[in-house]
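Student: Here it is, the structure in full.
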Amino acid sequence: MTFDLAGKRILITGASSGLGAHFARVCAANGASVAIAARRAERLAVLAKDLQAARAEAVSVLTLDVTDEASINICVTEAATALGGLDVLVNNAGTARDGSPLNQTAADFDAVMDVNLRGVWLMAVACGQFWRDEGTPGAIINTASVLGERVASGVAAYCVSKAGVVQMTKALALDLARHNIRVNALAPGYFETEINAGFFETENGQKMINRIPMRRIGNFEELDGPFLLLASDASRYMTGTIIPVDGGHLVSSM
């Protein structure tokens, strides 16, 4: 069974930076047609040039705000039109608000939930409805986190949102299997992104690294194998699965 993505039509949210941009490059390098979506159109334009240089089969750039249901519905329709259909959703948009929950407002909490939980739900449902109505199979890859199963100080709302993504993945997998729609998730451990840039160079960041059994943070490329598994037909009998990629973080005594 192959991990090849040739012929796959893939929509990636949160594609303007970090893991989303990396997953877009992985998809392009492995033969997929890619629709990249995010709010920051100027960054998407730069990424699109990289994907075209990597000989992606097709590239579509879409403006998307996952907190806006109308924007989501338009994005799914435009992605399917531009790519000639849709096979995979990489449900990756995410955000965080740092600090003690005692010093945060309800608006801070809502901002995290709107993107990380509600936005992920709405994207999954919109794509699920598309596949159901078209009578075609589909696959959803949610970006969860090891903090959906463990916690860390100062990011309580983020932890809660990612725990919701873990349970959402399993619940949607159960309900959508009858429509031949698979729903799985990657649960990355600690990787340096815009959200946590600079943290791992601090004293607290070094303490965190020392609690990881492999004693280092991950490199984006170390997500490629699990990602290709879930995005390709190699995982066609997998649904409701959460795959940690965390250097052993979840099995540490911490």
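The values are calculated or read from the model by the stated rules, or taken from the named source; none is laboratory data. Values in this document were obtained by computation on a predicted structure and should not be read as measured data. In this analysis, Cβ positions are derived from the backbone assuming ideal geometry, glycine residues included, and neighbour counts consider all displayed protein chains.
Student: For region 31-43, give me each residue that is farther than 21 Å from CYS127 by Cα and within 18 Å of the chain's Cα centre (by Cα).
Tutor: At the first step, the residues of region 31-43 found to be farther than 21 Å from CYS127 by Cα are 31, 40-43.
Hits for region 31-43 are ARG40, ARG43.
Student: (1) closer than 14 Å to LEU19 by Cβ; (2) buried (at least 16 other Cβ atoms within 10 Å of the Cβ): which one isn't true of VAL160, the others all being true?
Tutor: Condition (1) is where VAL160 drops out.
Student: Condition (residue is of a type in the set (Asp, Glu) and surrounded by 20 or more Cβ atoms within 10 Å (Cβ to Cβ)) applied to region 72-81: is it met by at least one residue?
Tutor: No, region 72-81 has no match at all.
Student: Right, next: Of the conditions (1) more than 22 Å from the chain's Cα centre (by Cα); (2) touching a residue at least 24 places away in the same chain (Cβ under 8 Å), LEU174 fails just one. Which one is it?
Tutor: Of (1) more than 22 Å from the chain's Cα centre (by Cα); (2) touching a residue at least 24 places away in the same chain (Cβ under 8 Å), only one is false for LEU174: (1).
Student: Here is a further query. Only one of LEU122, LEU89, LEU102 is out of contact with any strand residue (DSSP E or B) (no Cβ under 8 Å at 6 or more places or on another chain) and crowded, with 18+ Cβ neighbours inside 10 Å; which?
Tutor: Details: LEU89 fails: out of contact with any strand residue (DSSP E or B) (no Cβ under 8 Å at 6 or more places or on another chain); LEU102 fails: crowded, with 18+ Cβ neighbours inside 10 Å.
Criteria check complete, one pass: LEU122.
Student: Any idea which residue in region 208-246 is surrounded by the most Cβ atoms within 10 Å (Cβ to Cβ), counting only those that are of a type in the set (Gly, Ala, Ser) and modelled with pLDDT of 95 or more?
Tutor: ALA231
Student: Six or more apart or on different chains, Cβ under 9 Å: which pairs go from a residue in region 131-160 that's in contact (Cβ under 8 Å) with a residue 24 or more places away in the chain to one that's basic (Lys, Arg) and surrounded by fewer than 21 Cβ atoms within 10 Å (Cβ to Cβ)? Could you list them?
Tutor: PRO137/ARG236; GLY138/ARG132; ALA139/ARG236; VAL155/ARG97; ALA157/ARG97; TYR158/ARG97
Student: Could you tell me which of the residues ALA41, ALA28, ALA37 is at pLDDT below 95, surrounded by 20 or more Cβ atoms within 10 Å (Cβ to Cβ) and within 22 Å of THR193 (Cα to Cα)?
Tutor: Answer to the selection: ALA28.
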